[in-house]
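One structure is given below, encoded as structure tokens.
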Amino acid sequence: MNKIKGEKLTKNYNGVCGIKEVDIEILKGEIVVIIGPSGSGKTTLLNLLGLIDKPTEGKIYLDDIDVGKLSERQLAEIRNKKFGFIFQFFHLIPELKVIENVFLPLWIKEKKFSLDFLKEAEKYLISFGIFDKKDTYPSRLSGGELQRVAICRSLICKPEIIFADEPTGSIDKNSALIFFEFMKKFNEENGTTFVIATHNENFLQFASKVVYLIEGKIKEIEKRR
Ligand SMILES: Nc1ncnc2c1ncn2[C@@H]1O[C@H](COP(=O)(O)OP(=O)(O)OP(=O)(O)O)[C@@H](O)[C@H]1O
Ligand SMILES: [Mg+2]
């Protein structure tokens, strides 16, 4: 996939404006940082581009495919095979242990269970310093621990694009630095595209493009490289 394009994307929630007529283009290998005050539409935009939610008006193209024409099943397949998500509120599966949450996307993708999934998941849990929680259930974790599990889960399939919603909002400085390292490594070695909604200005140094949102509209798109 070389490009995601949003054309005049508008999302209304029962009359409340999420975003309004947003035009945006994300190219393979970019690190796009979406910045804006609380309520400006960052999560809304991420959910539309990540094919989790549908626009009220406007279109999204993956390369030249109009995703409005795809079935739910096709959308789910794209999300699983090509996208990784770090949700603002984590959305881990409460009935699954930490390690199971982390390897679940890999299991869905490969369709058949393999013991290698455990090894792979453990690798990320070690990197983010939460290996000792691998057999714990999410309800017993702190916010920062939940976020680190969510980060591990997003990386495990080595997706083409990672959508990250305030991915460092709950973690400490050290864990944020580890996330930056992974982001740089994935971006440089695999050409992974990142679309990040954040208040953390430390992301700006890595950005190829910064999208400033205000009240659901794009105020400015700044190209950095
Ligand atoms: N499910 C929903 N139902 C109704 N209104 C919603 C819903 N989701 C978002 N909104 C509204 O849409 C607007 C944009 O919300 P959004 O969550 O995209 O903002 P945000 O920039 O991600 O904010 P934050 O920085 O606080 O996460 C807000 O006014 C919000 O109240
Ligand atoms: Mg948000």
Among I162, V67, L177 the positive-end extreme of the charge dipole of the chain (Cβ point charges): V67
Let me check against my output: what whole-number percent is the relative contact order of segment 1-113, with C-alpha pairs under 8 Å and at least 6 apart? 26
Relative contact order, percent, of segment 77-206 when contacts are C-alpha pairs under 8 Å separated by at least 6 residues? 32
Given K11/K97; K8/K158; K119/K184; K3/K158; K28/K112; K8/K209, the pairs whose alpha carbons are separated by over 25 Å: K11/K97; K8/K158; K28/K112
Scattering profile of segment 19-81 from the Debye formula, Cα beads only, expressed as log10 I(q)/I(0) at q = 0.14, 0.18, 0.24, 0.27 Å⁻¹, is -0.44, -0.73, -1.23, -1.43
Order by accessible surface, 1.4 Å probe, largest leading, for residues I214, I161 comes to I214, I161
Using only the alpha-carbon atoms, how far is helix 72-82 inclined from the longest principal axis of the chain? Give it as 0 to 90 degrees, nearest 10. 60
Please give the calculated 222 nm ellipticity per residue for the chain, where each DSSP H segment of at least 4 residues contributes -39500 (n - 2.57) and the sum is spread over every residue; nearest 500 deg cm²/dmol? -10500 deg cm²/dmol
With DNA, RNA and ligands ignored, accessible area of D116 (1.4 Å probe; Å², nearest 10): 110
Theoretical FRET efficiency, 1/(1+(r/R0)^6), r = Cβ-Cβ of F131 and L177, R0 25 Å, to 0.05: 0.90
May I ask you to derive the relative contact order of the chain, considering only C-alpha pairs under 8 Å and at least 6 residues apart, and to give it as an integer percent? 30
Using a 1.4 Å probe on the protein chains only, how many percent of the accessible area of segment 3-223 belongs to carbon and sulfur? 51
For segment 107-184: rounded, prolate or oblate by the Cα gyration tensor [a/c cutoff 1.5]: oblate
DSSP loop GluC sites (Glu not before Pro) in segment 88-124 with at most 15 other Cβ atoms within 10 Å of their Cβ, which ones? E95
Across all Cα atoms of the chain, Rg and the largest Cα-Cα distance (Dmax), in Å, are 17.0, 49
Out of all DSSP beta bridges in the chain, what portion is antiparallel? Express it as a percent rounded to 5. 55
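With a cut-off of at most 15 other beta carbons within 10 Å, and DSSP calling the residue loop, which chymotrypsin sites (Phe, Trp or Tyr not before Pro) in segment 28-114 qualify? Please list them. Write down the numbers at each step before the final one.
Numbers: sites: Y61, F83, F85, F87, F89, F90, F103, W107, F113; in loops: F87, F89, F90, F113.
Sparse-neighbourhood loop chymotrypsin sites (Phe, Trp or Tyr not before Pro): F89, F113.
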Going toward the positive end of the dipole of the chain, with +1 on Lys and Arg Cβ and -1 on Asp and Glu Cβ, which of S38, G6, F89 do you reach last? G6
When ligands, DNA and RNA are left out and all protein chains stay put, how many square angstrom of accessible area per residue does the chain have with a 1.4 Å probe? 51
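The values are calculated or read from the model by the stated rules, or taken from the named source; none is laboratory data. The model shown is predicted, which means the values in this text are computed figures rather than measured ones. Glycine also receives a Cβ, built like all others from the backbone with ideal geometry; neighbour counts cover every protein chain displayed. What goes into the accessible areas is simple: the full protein's heavy atoms, side chains included, and nothing from ligands, DNA or RNA. Shrake-Rupley method; radii C 1.70, N 1.55, O 1.52, S 1.80 Å.
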